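Below you'll find the structure, written out as C-alpha cells, and then a few comments.
The values are calculated or read from the model by the stated rules, or taken from the named source; none is laboratory data. Just so you know, these numbers come straight off a predicted model, no measurement behind them. Cβ coordinates were reconstructed from backbone atoms using ideal geometry, including for glycine residues, and neighbour counts include every protein chain displayed.
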Amino acid sequence: MTAPTAGPDLARTDDIEWAVRLLAATPTHESRDPQLLRRWALAADAFGAALAPVACTARIVERDGGLAQGLLARYRSRPPTVELYTDTLALAERVVDERGWRTWYPPGSVRAAALAHEAVHAHLHHGPARTALKRTLGHTALRLGRWQVPGHVAGAEEVAAHAYARTVCGLGRSPLLLTAALAAATGDDRARTARREN
C-alpha cells in the first residue's frame, strides 16, 4: 500500500484506513495481506479505545524543532519524558482551522491528545498492557504444541495510542488524520503515512 496522497480529501479516508496505511508503511509489513493489516488495525484501535484513563506521570518538556524531525511529540523512557514540539503543535492548530476541522479537534485538544498518546506509550512500555495488546492482536510468534508466544506487531502500539487519545480527549476523528494533514502541509513524506507523529 502506498502513502496517502495530500489534498483536500484527506478526511474522506476513515480512521481505520489511516491505521491500515500506518501498518502497511511500517517495515516488516510490506508484503502482508491487506486484510490481515485491517484486522490488526481494528483490534489495536478497539484495544486503545477501551483502555482506562492513564495519567501522564512523565516529565513534560516543550521545545521547538518538531517540524524538522517530523514529530509532534515523543516519549522517551530513560528518564520517562514526554517531549512536546511547540512548532508542530502550533502548525497543527492552524491546519485544524484551515481545514475546518475544529469540531473534531476543539481548541487545546491537539496538545491534550499528544499527552494522552504519549502516556499510553509509557503505559504500554512499563506495564502488562503490552502483553494484553499482543494477545488481542492474535499474532503468534512461536508455537510449541499447545504453547503459544504472542508476537509483536510493529505499529500496533501506535494505532492503539491514537485510538486511546481520540477516545479520552473526545475527538471527532483520530489524530492519525491530523498527522496526515500535517504531512501534507509540510511536504514531509516521513509523516505522510501517519507514523511519525510520535
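Determine whether the range 167-177 contains at least one residue that is among the aliphatic types (A, V, I, L, M), surrounded by fewer than 21 Cβ atoms within 10 Å (Cβ to Cβ), within 18 Å of His29 (Cβ to Cβ) and in contact (Cβ under 8 Å) with a residue 24 or more places away in the chain. Checked the range 167-177: no residue is among the aliphatic types (A, V, I, L, M), surrounded by fewer than 21 Cβ atoms within 10 Å (Cβ to Cβ), within 18 Å of His29 (Cβ to Cβ) and in contact (Cβ under 8 Å) with a residue 24 or more places away in the chain.
Quick one: is Arg102 modelled with pLDDT of 95 or more and in a loop (DSSP other than H, G, I, E, B)? Steps first, please.
Details: modelled with pLDDT of 95 or more: yes; in a loop (DSSP other than H, G, I, E, B): yes.
Yes.
Out of His125, His152, one residue alone is without any contact (Cβ under 8 Å) to a residue 60 or more places away in the chain and either of a type in the set (S, T, N, Q) or more than 20 Å from His29 (Cα to Cα) (or both). It is His125.
Scan the range 44-103 for residues that are small (Gly, Ala, Ser), within 17 Å of the chain's Cα centre (by Cα) and buried (at least 18 other Cβ atoms within 10 Å of the Cβ) and the total you get is 6.
Considering only residues in the range 149-166 that are in a loop (DSSP other than H, G, I, E, B) and surrounded by 20 or more Cβ atoms within 10 Å (Cβ to Cβ), the one that is nearest to the chain's Cα centre (by Cα) turns out to be Gly155. For residues that are free of Cβ contacts under 8 Å to residues at least 60 places away in the same chain and in a strand (DSSP E or B), scanning just the range 29-74, find the one that is farthest from Ala184 (Cα to Cα). Among them, the one singled out is Arg59. Could you tell me how many of the residues in the range 8-25 are out of contact with any Ser or Thr (no Cβ under 8 Å at 6 or more places or on another chain) and either within 26 Å of Leu84 (Cα to Cα) or acidic (Asp, Glu) (or both)? Number of matching residues: 8.
Take Asp14 and tell me if it is surrounded by fewer than 15 Cβ atoms within 10 Å (Cβ to Cβ) and at pLDDT 95 or above. Walk me through how you get there before you give the answer.
Details: surrounded by fewer than 15 Cβ atoms within 10 Å (Cβ to Cβ): yes; at pLDDT 95 or above: yes.
Here the answer is yes, as Asp14 does meet what is asked.
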